[in-house]
Amino acid sequence: MKVLVIGANGRVGSLLINRLAAQHQVLAGSRNPNSENVVDNVEHVFIDLLSDVDTIAESMNGVDAIYFVSGSRGKNLLQIDLHGAIKTMQAAEKAGVKRYIMLSSVFALQPERWKESFPSSLTDYNIAKHYADLYLTTQAQLDYTILQPGALKEEAGTGKIETNVTSPGTNSIANVVDTLVAILENHSTIGKVILMHDGNTLIDKALNQLG
């Protein structure tokens, strides 16, 4: 399978491309392709989320699945986290790519819960993620999965998580990446919005228990 990772230089993306490369041919997409990171089955490609939909779609030729794990870290929420994400969905449709996996944020589709779990400084970020997720679930014609973890931490992965969570919790980046990889292999995750945090259930089992 040929898989495009958009946001390949980020904390999640850089680990994700290495994990995917063990099983798939990977296109590592970013504005600054990291040619120094030479990994078997990984090709670094230029993708600019500020460009138009047709240009982005050209990067998707021959791709079987897309991951969107990009983010501006608060520097350009409208053009990257919101509009950039939506343009990749539109580009996927133009390129005929059906499988689309989005990394989002816990409760992104539940704005009434933002004050419970996030500082007010993240409100604009949550708004951007909210409307990107909303577009994917209601407007795009894609076989989507949205993964919504809580806070990401630089901790060793355990391979165990919880889904259908009611509180945000924390997530090791490794567990998030392993869950993203498992989602691609699990067709029952298509059309699902998955809230998660680190837990006590093996990732595959947790995904199989989704409602």
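We did not get these values from a lab; they are worked out from the coordinates using the rules stated. Here the structure is a predicted model, which means the values were calculated and not measured. Positions of Cβ are generated from backbone atoms using ideal geometry, with glycine treated the same way; all protein chains shown enter the neighbour counts.
Just a few scattered comments:
- Residues with amide H under 5 Å from that of Gly199, placed H, sequence gap 5 or more: Lys160, Ile161, Glu162
- Exposure proxy order (Cβ contacts within 10 Å, fewest to most) of Ser51, Ser70: Ser51, Ser70
- Gain upon complete extension [Asp40, Thr55; 0.36 nm per residue less C-alpha separation]: 2.8 nm
- Inter-site label distance for Met1 and Lys160 at 7 Å from Cα along Cβ, in nm: 2.7 nm
- A Gaussian network model of the chain, with springs between Cα atoms under 10 Å, assigns the largest mean-square fluctuation among Ala92, Ala108, Ala156 to Ala156.
- Considering only Gln148, Gln25, Gln139, the Gaussian network model of the chain with Cα springs below 10 Å gives its largest mean-square fluctuation to Gln139.
- Residues listed by number, region 85-116, amide nitrogen under 18 Å from Tyr135 label point at 7 Å toward C-beta: 85-105, 108-110
- Of all stretches in the chain that contain no GluC sites (Glu not before Pro) in a DSSP loop with at most 13 other Cβ atoms within 10 Å, the longest one is 37-153.
- Region 2-208, relative contact order in percent, only Cα pairs under 8 angstrom and at least six apart counted: 18 percent
- Counting DSSP beta bridges with both ends in the chain, the antiparallel % (nearest 5): 15 percent
- Orientation-averaged projected area, Cα convex hull of region 134-211 (nm²): 5.0 nm²
- In region 1-116, Rg over Rh equals 0.98, where Rg is the alpha-carbon radius of gyration and Rh the Kirkwood radius from pairwise Cα distances.
- Size descriptors for the chain: radius of gyration and Dmax over Cα atoms are 15.8, 45 Å.
- Evaluating 6.51 cos²θ - 1.76 cosθ + 1.60 at θ = phi - 60° for every residue in region 129-141, the Karplus couplings come out as 5, 4, 6, 5, 5, 4, 4, 4, 7, 10, 10, 7, 9 Hz, glycine and proline recorded as x.
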